[in-house]
Amino acid sequence: MGITARGVGLLVAAVVLLGAGFRFAYPEMTLLGAAAGAAVGYAALVAAWRPRLTVTRHADPDRVARGESASMTVTVRNSGRLRSANLLAEDRCGEHAVPVPVLRLRPGRDTEVRYDVPTHRRGVVAVGPLRVTRRDPLGLVALARQYGAVVPVWVYPRIHPLTAVPTGAGRSLDGRVDGVPHGSITFDSLREYVVGDELRRVHWRTSARVGELMVRENVDTSLPRLVVLLDNRAAAHPQRIGPVAESFESACEAAASVVTAAHRADLPVVLLFVAAEPDHEAETGRVLGPLDRLAAAELSGDDDAVRAATTRLRQDRLGDTLIFLTGPGGRDDLGHVGALRGAYPSVVVGVFGAAEPTPPGAAGLVVVDAADGAQFAAEWDGIRRW
């Protein structure tokens, strides 16, 4: 609850009038002071009344690409039975406040407001809660309350069409390297026999040694496995326009384009970040897809994370085609990426926003300098066969 400037003035006047009236025995001043104090008390009681409001939201759609249109519909219903709600309300949409008319909202009635959600920047736009302010008729006291939950609108990076995904080379787990798409079904691991397994897959030598039936698990090496590594370190993207690092936005667009093209081609793809990303899955209570993670991606101050990330990639060998996307400040760490060529037969690097081109043959890698995600997509056809 907050007392307005008018309320503070009236309250001070009430104290002065009461003090002067009692001190100098002026009953008129005492009466005026009491009336002023009563007015402030009445205003506080009026403002303290809590209206029963039900707030629902609907985003159309709740996931869009950057620059596409999205809208939010807010419905406010007066769930009370006795009084009309004479209120001032505004909805929070990212950094903006949107007025919502709820003046004289009768019991059982509702009002609906539809407005556009800003999508000019990639990110997660938090919409809500509705802030409702209750004032007395004299404007002496104002009390603000919040209604409804926060609904996120996910603004994805722009997706630029790619002519194809990389053919790459598939590394068989028995030591061979198969050219893709001419791979084969290759032995992967052994596991215990379960009812329904084909007997021709039983590995009899191992079964005899361990004393129970063991069957072979195979993988199809004919499909290239893509690993997209996005450099989200603040040191890799030093150039800023306000709070936005354009090189990082371009890298996000390139990552979204590669991931989308791989999914459309039914190819396995993994999206990783150099620095640890915020745990938005715990906040939202749902498993986020690659585009959701790219929408929520933020720059991290962990400048040494590239060593840990490359070490993890070398140990896990998550695929055979590695795509590293970074900014001008990430070129100093290309040596760590170049050391992964033994674990990943195909490695390509995308550098965004650099004032000068990367020296040819840097760390023995294929490096593509691009001003933005659109230029990276335009040059993709020339780099997709390594």
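The values are calculated or read from the model by the stated rules, or taken from the named source; none is laboratory data. Values in this document were obtained by computation on a predicted structure and should not be read as measured data. Neighbour counts are summed over all protein chains in view; Cβ atoms, including those assigned to glycine, are modelled from backbone coordinates with ideal geometry. The area values use the complete protein model at the heavy-atom level, side chains included, leaving out ligands, DNA and RNA. Shrake-Rupley method; radii C 1.70, N 1.55, O 1.52, S 1.80 Å.
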- line: With 0.36 nm assigned to each residue of separation and the Cα-Cα distance removed, ALA25 to ASP60 gains 5.8 nm
- prompt: What does the charge count near PRO359 come to, summing +1 for each Lys or Arg and -1 for each Asp or Glu among other residues with Cβ under 14 Å from its Cβ?
  reply: -2
query: Can you list the residues, at least 5 places off or on another chain, whose amide H is less than 5 Å from the amide H of VAL368, using H built in the peptide plane?
result: VAL349, GLY350, VAL351
statement: Once amide hydrogens are built 1.01 Å from N within the peptide plane, the residues lying 5 or more places from LEU88 or on another chain with amide H under 5 Å from its amide H are THR133, ARG135
query: Which whole-Hz couplings ³J(HN,Hα) result when phi for each residue of segment 194-205 is put into the Karplus expression 6.51 cos²θ - 1.76 cosθ + 1.60, θ = phi - 60°, listed in order with x for Gly and Pro?
result: 10, 4, x, 5, 6, 5, 5, 8, 6, 9, 5, 5
Placed amide H near ARG66: partners under 5 Å, 5+ positions off or other chain: TYR156, ARG158
message: Charges at C-beta only: +1 for Lys and Arg, -1 for Asp and Glu. How large is the resulting dipole of the chain about its Cα centre, in Debye rounded to 20?
response: 1660 debye
task: Compute the length gained on full extension between ARG314 and ARG50: take 0.36 nm times their separation in residues and subtract their Cα-Cα distance, giving the result in nm to one decimal.
output: 89.1 nm
query: Quick one: length gained pulling ARG264 to VAL150 fully straight, 0.36 nm per residue minus the C-alpha distance?
result: 37.8 nm
statement: Of all GluC sites (Glu not before Pro) in segment 39-148, the ones in DSSP coil with at most 16 other Cβ atoms within 10 Å are GLU68, GLU95
query: Which of the GluC sites (Glu not before Pro) found in segment 258-313 are loop residues per DSSP with 14 or fewer other Cβ atoms within 10 Å of their Cβ?
result: GLU298
Cα gyration tensor shape for segment 222-292, rounded if a/c is under 1.5, else prolate or oblate: oblate
- prompt: What share of all Cα pairs of the chain, in percent, falls into each consecutive 20 Å distance bin?
  reply: 22, 35, 25, 14, 4, 0
field: Positive-end extreme of charge dipole, the chain - chosen from LEU291, MET29, GLY350 (charges on Cβ)
entry: MET29
query: Between GLU68 and GLN239, what is the FRET efficiency for a Förster distance of 35 Å, r being their Cβ-Cβ separation, to the nearest 0.05?
result: 0.85
- prompt: So how far, in whole Å, is the C-alpha centre of segment 263-281 from the one of segment 128-154?
  reply: 38 Å
- line: Net charge near ARG66 (other residues with Cβ under 9 Å of its Cβ; Lys, Arg +1; Asp, Glu -1) is 0
- line: Carbon and sulfur atoms account, in whole percent of the 1.4 Å probe accessible area of the chain, for 54 percent
query: Which sequence of MET214, MET72 reflects their accessible areas, 1.4 Å probe, from the largest down?
result: MET214, MET72
field: Euclidean distance of C-alpha centroids, segment 1-51 and segment 190-211, integer Å
entry: 89 Å
query: What list of ³J(HN,Hα) couplings, whole Hz, do you get for segment 345-359 from phi and the Karplus terms 6.51, -1.76, 1.60, once you set θ to phi - 60° and write x for glycine and proline?
result: x, 10, 9, 10, 10, x, 10, 10, x, 7, 6, 10, x, 5, x
- request: Determine the per residue accessible area of segment 319-358 with all protein chains present and a 1.4 angstrom probe, expressed in square angstrom.
  value: 28 Å²
query: From the backbone phi of segment 44-58, what are the Karplus-calculated ³J(HN,Hα) couplings (6.51 cos²θ - 1.76 cosθ + 1.60, θ = phi - 60°) in whole Hz, Gly and Pro given as x?
result: 5, 5, 5, 5, 6, 5, 9, x, 8, 10, 10, 10, 10, 10, 8
query: Considering only the other residues whose Cβ falls under 14 Å of the Cβ of ASP304, what net charge follows from Lys and Arg at +1 and Asp and Glu at -1?
result: -2
- request: Using the Cα centre as the reference, give the magnitude of the dipole from point charges on the C-beta atoms of segment 241-304 (Lys, Arg: +1; Asp, Glu: -1; all else neutral), rounded to the nearest 20 debye.
  value: 380 debye
task: Compute the label zone of ARG114 within segment 47-68: residues whose backbone N is under 11 Å from the point 7 Å along Cα-to-Cβ.
output: 60
field: Helix-only mean residue ellipticity at 222 nm for the chain, each DSSP H run of n ≥ 4 adding -39500 (n - 2.57), per residue, nearest 500
entry: -8500 deg cm²/dmol
